[in-house]
Amino acid sequence: MATGHADPQRRERILAATLDHIAEEGVAGVSHRRIAARAGVPLGSMTYHFGGMDELLHEAFTRFADRIVAVVDEHLSRAETREGAREAVTDLVHTLSDGPRRDLILAQELYTLAARRPEYRQLTRAWMRRSRELLERHFDPATARQLDALVEGLTLHRALDDEAPRDRALTHQAVTRISTGA
């Protein structure tokens, strides 16, 4: 194992190992010992880099949320018209639901933690607020809120239901209905 001075990416490896572990075992299976072993770092690195398990989990989930918001931004920033924004939201639903199963699991683990613990609710609220702000570049606030819920819901349904329609036109129809009030 490398020393801290020769291993400037140690903290990042710990965060990545934490998310990998959560995706495979769930939050309940997280321990300093397991994460240190997965990251290939000495156990003492855990307390050197993080004040405790909550700090580690919070930072790991913040990194995850930041990455998902970047995906949302990437899709929506391409849109130049209202119809382009509808297409971007449709693409986003399909990108997220057809993406890595790991992301779906991490999102659900975060939602479950947020349902029980206020500090994680703050993190999920910040994530949702950032997503809605990106949507508000193209839609009014009420529509942005509804579209954000649609993205979350359709992504979850499509990812968990093998019989859920994969029809992009159906997704676009739902986005259009919400964004036009039709």
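Only a single item in (1) open to solvent by 20 Å² or more (accessible area, probe 1.4 Å); (2) at pLDDT 95 or above; (3) within 14 Å of the chain's Cα centre (by Cα) is not met by Q108, and it is number (2). Inside the range 34-88, can you point out the residues that are more than 22 Å from the chain's Cα centre (by Cα) and crowded, with 17+ Cβ neighbours inside 10 Å? Those that are more than 22 Å from the chain's Cα centre (by Cα) and crowded, with 17+ Cβ neighbours inside 10 Å: A36, V41, S45, M46, H49.
Among the residues of the range 111-119, none qualifies, meaning not one is open to solvent by 60 Å² or more (accessible area, probe 1.4 Å), closer than 27 Å to R177 by Cα and without any contact (Cβ under 8 Å) to a residue 12 or more places away in the chain.
Taking every residue in the range 121-133 that is open to solvent by 70 Å² or more (accessible area, probe 1.4 Å) and pairing it with any residue that is of a type in the set (A, V, I, L, M, F, W, C), at least 6 positions away or on another chain, the pairs with Cβ-Cβ distances below 7 Å are R121/A114; R130/V69.
Taken together, A159, A142 contain a single residue that is open to solvent by 30 Å² or more (accessible area, probe 1.4 Å) and either in contact with a Pro (Cβ under 8 Å, 6 or more places away or on another chain) or in a helix (DSSP H, G or I) (or both), which is A142. Among the residues making up the range 33-60, those that are free of Cβ contacts under 8 Å to residues at least 24 places away in the same chain and touching a Leu at 6+ places or on another chain (Cβ under 8 Å) are R33, I35, A36.
Among residues of the range 1-16 being within 20 Å of the chain's Cα centre (by Cα) and without any contact (Cβ under 8 Å) to a residue 24 or more places away in the chain, the one that is surrounded by the most Cβ atoms within 10 Å (Cβ to Cβ) is A16.
The values are calculated or read from the model by the stated rules, or taken from the named source; none is laboratory data. Only a predicted model underlies this, so the values are computations on that prediction, with no experimental measurement involved. All Cβ positions, even for glycine, are placed from backbone atoms using ideal geometry, and neighbour counts span all protein chains on display. Accessible surface areas use protein heavy atoms only, side chains included; no ligands, DNA or RNA. Shrake-Rupley method; radii C 1.70, N 1.55, O 1.52, S 1.80 Å.
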